[in-house]
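Comments concern the structure below.
Coordinate-derived values only; no laboratory data. Computed from a predicted model, the values in this text were never measured in an experiment. Here the Cβ is made from the backbone with ideal geometry for all residues, glycine too, and neighbour counts use every protein chain on show.
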Amino acid sequence: MKNARQAIDKLVAQCAICGISHRSIQTTIINNTNDTELIHIRCGACKGSIVALIFNTGKNISSIGVITDLSEKDIMKMKNNKSITHDELMQLHQELTNKNICEAILNNY
Ligand SMILES: [Zn+2]
């Protein structure tokens with residue numbers, strides 16, 4: 001994404017978790033398209049991490065960030081995973097509402 005550098009520089013000016021200056025902050029670009037950039041930000045001081053999505057709204061560049069315990073390697077692995085379908089989620093819900101599911105799991109270990 002063009003013009004994302006300024007948004008990234010603003011995001012990493014200081015750690016959002018501990019407030020330390022940018023010297024200890026490492027950024028990794030996870031994904032980059034014409035309109036979005038997904039980055040992993042890791043603070044060397046507090047070891048905290050944030051995943052941020054920077055996106056071009058047309059006139060402006062905006063960002064959303066969430067604190068995570070995922071490493072950049074975890075996110076790289078997960079980004080190509082298949083999404084969970086509605087049917088799979090409903091099946092899981094039905095399995096979890098089955099009162100014997102815990103017993104069945106425990107019996108398999
Ligand atoms: Zn920090």
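Out of (1) in contact with a strand residue (DSSP E or B) (Cβ under 9 Å, 6 or more places away or on another chain); (2) touching a residue at least 24 places away in the same chain (Cβ under 8 Å), what's the single condition that is false for residue 66?
Just one mismatch for residue 66, condition (2).
Would you confirm whether or not segment 75-88 contains a residue that is within 16 Å of the ligand (Cβ to nearest atom) and touching a residue at least 24 places away in the same chain (Cβ under 8 Å)? Give the derivation first.
Quick first cut of segment 75-88, residues within 16 Å of the ligand (Cβ to nearest atom) only: none.
The answer is no, given that none of the residues of segment 75-88 is within 16 Å of the ligand (Cβ to nearest atom) and touching a residue at least 24 places away in the same chain (Cβ under 8 Å).
Every residue, every condition in (1) within 23 Å of residue 78 (Cα to Cα); (2) in contact with a helix residue (DSSP H, G or I) (Cβ under 7 Å, 6 or more places away or on another chain); (3) not aromatic (Phe, Trp, Tyr), yes or no:
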residue	(1), (2), (3)
16	no, no, yes
43	yes, yes, yes
49	yes, no, yes
63	yes, yes, yes
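Just give me the residues in segment 39-54 being free of Cβ contacts under 8 Å to residues at least 24 places away in the same chain and surrounded by 14 or more Cβ atoms within 10 Å (Cβ to Cβ), in sequence order.
First pass over segment 39-54, keeping only residues free of Cβ contacts under 8 Å to residues at least 24 places away in the same chain: 44, 47, 49, 53.
If the condition is that a residue be free of Cβ contacts under 8 Å to residues at least 24 places away in the same chain and surrounded by 14 or more Cβ atoms within 10 Å (Cβ to Cβ), then 49, 53 are the ones that fit.
So which of 61, 67, 29 is of a type in the set (A, V, I, L, M) and crowded, with 16+ Cβ neighbours inside 10 Å? Before the answer, list the steps.
Working: 67 fails: crowded, with 16+ Cβ neighbours inside 10 Å; 29 fails: crowded, with 16+ Cβ neighbours inside 10 Å.
Criteria check complete, one pass: 61.
Return the residues of segment 25-71 that are among the hydroxyl-bearing types (Ser, Thr, Tyr) and within 16 Å of the ligand (Cβ to nearest atom); say none if nothing qualifies.
Pass one, segment 25-71, residues among the hydroxyl-bearing types (Ser, Thr, Tyr): 27-28, 33, 36, 49, 57, 62-63, 68, 71.
The answer is 27, 28, 49, 68, 71.
For residue 7, all conditions in the list (1) surrounded by 19 or more Cβ atoms within 10 Å (Cβ to Cβ); (2) within 11 Å of the ligand (Cβ to nearest atom); (3) not in a strand (DSSP E or B) hold save one; what is the number of the exception?
So the condition that residue 7 fails would be (2).
Mind counting the residues in segment 11-24 that are on the phi < 0 side of the Ramachandran plot, within 10 Å of the ligand (Cβ to nearest atom) and part of a loop (DSSP other than H, G, I, E, B)?
Qualifying residue count, segment 11-24: 5.
Pull up segment 43-97, narrow it to residues that are among the polar types (S, T, N, Q) and part of a strand (DSSP E or B), then point me to the one that is nearest to residue 17 (Cα to Cα).
So the first thing to find is which residues in segment 43-97 are among the polar types (S, T, N, Q), and the list is 49, 56-57, 60, 62-63, 68, 71, 80-81, 83, 85, 91, 94, 97.
Next cut, part of a strand (DSSP E or B) only: 49, 56, 62-63, 68.
Details: 49: 8, 56: 25, 62: 20, 63: 16, 68: 11 Å.
Applying the filter and picking the extreme gives 49.
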